[in-house]
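Take a look at the structure below.
The values are calculated or read from the model by the stated rules, or taken from the named source; none is laboratory data. As the structure is a prediction and not an experimental result, all values here were calculated from the model. Here the Cβ is made from the backbone with ideal geometry for all residues, glycine too, and neighbour counts use every protein chain on show.
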Amino acid sequence: MAEPPRQSILPDVLRPGLRVVFCGTAPGTASAKAGAYYAGPGNRFWSTLQEVGLTPTLLRPSEFGRLPEFGIGLTDITKTASGSDQEVGRRGVDPARLTAAIATASPAHLAFNGKNAARRALGRPVDYGRRPERIGGATVWVLPSTSGAARGFWDIEPWRELARGVGLG
């Protein structure tokens with residue numbers, strides 16, 4: 001007997017008309033517990049959105065449902081597992097689901113929050129910045145992870161380039 005599909009840890013924030021959708025690897029432990037994207041105390045996601053001009057104000061993780069007001073959506077390459085990238089590993093990685101979800105929502109841009117998410121979606125190593133391929137019709141960007149665990153790789157400049165590229169910053 002086939003196992004029923006597992007429930008998503010966090011719901012996608014996807015709808016037609018978005019300019020950019022951010023895709024992480026999976027919800028972190030703090031995000032899963034809070035029921036909100038990028039809720040870890042060291043995560044720079046929300047402050048980065050404001051700093052680069054993607055949102056006019058600093059939103060709290062609990063306000064993630066407001067992002068479509070600013071042309072922004074959210075998803076993860078893994079919807080059914082949570083924890084650090086190491087803890088999640090390959091569990092629940094579903095590039096086909098991501099491609100279908102992006103094709104349905106049809107945003108102009110898909111931005112990966114970290115190289116791990118992009119590698120899992122594309123199946124190969126990647127560099128930061130705008131990539132030549134498309135996923136579900138969207139232009140692909142790879143950005144430094146906002147996770148506190150990736151602080152040693154942090155660089156806001158690719159985020160600024162994305163903001164300019166999508167016409168939001």
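Out of the residues in the range 49-65 that are touching a strand residue (DSSP E or B) at 6+ places or on another chain (Cβ under 9 Å) and part of a helix (DSSP H, G or I), state the one that is surrounded by the fewest Cβ atoms within 10 Å (Cβ to Cβ).
Across the range 49-65, the extreme among qualifying residues is G65.
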Restricting attention to the range 143-151, does a residue exist that is out of contact with any strand residue (DSSP E or B) (no Cβ under 6 Å at 6 or more places or on another chain), among the hydroxyl-bearing types (S, T, Y) and on the phi > 0 side of the Ramachandran plot? no
Practice prompt. Using the structure shown, decide if A118 is over 25 Å from V52 (Cβ atoms) and either hydrophobic (A, V, I, L, M, F, W, C) or modelled with pLDDT of 95 or more (or both).
Written response: no
Within the range 105-134, the residues that are in contact (Cβ under 8 Å) with a residue 24 or more places away in the chain, surrounded by fewer than 21 Cβ atoms within 10 Å (Cβ to Cβ), in contact with a strand residue (DSSP E or B) (Cβ under 9 Å, 6 or more places away or on another chain) and in a loop (DSSP other than H, G, I, E, B) are S106, A108, Y128
Pairing a residue in the range 76-104 that is farther than 8 Å from A26 by Cβ and in a strand (DSSP E or B) with any residue that is at pLDDT 60 or above and not hydroxyl-bearing (S, T, Y), where Cβ atoms lie under 9 Å and the two sit 6 or more apart in sequence or on different chains, gives V93/A26; V93/I77; V93/A81; V93/R120; V93/A121
Among residues of the range 6-42 being basic (K, R) and in a loop (DSSP other than H, G, I, E, B), the residue farthest from S145 (Cα to Cα) is R6
Restricting attention to the range 10-45, the residues that are surrounded by fewer than 20 Cβ atoms within 10 Å (Cβ to Cβ) and either at pLDDT 95 or above or not polar (S, T, N, Q) (or both) number exactly 16
Going residue by residue through the range 75-83, is there one that turns out to be modelled with pLDDT of 95 or more and more than 21 Å from P16 (Cα to Cα)?
no
Filtering the range 137-169 down to residues that are out of contact with any Phe, Trp or Tyr (no Cβ under 6 Å at 6 or more places or on another chain) and among the hydroxyl-bearing types (S, T, Y) yields T139, S145, S147
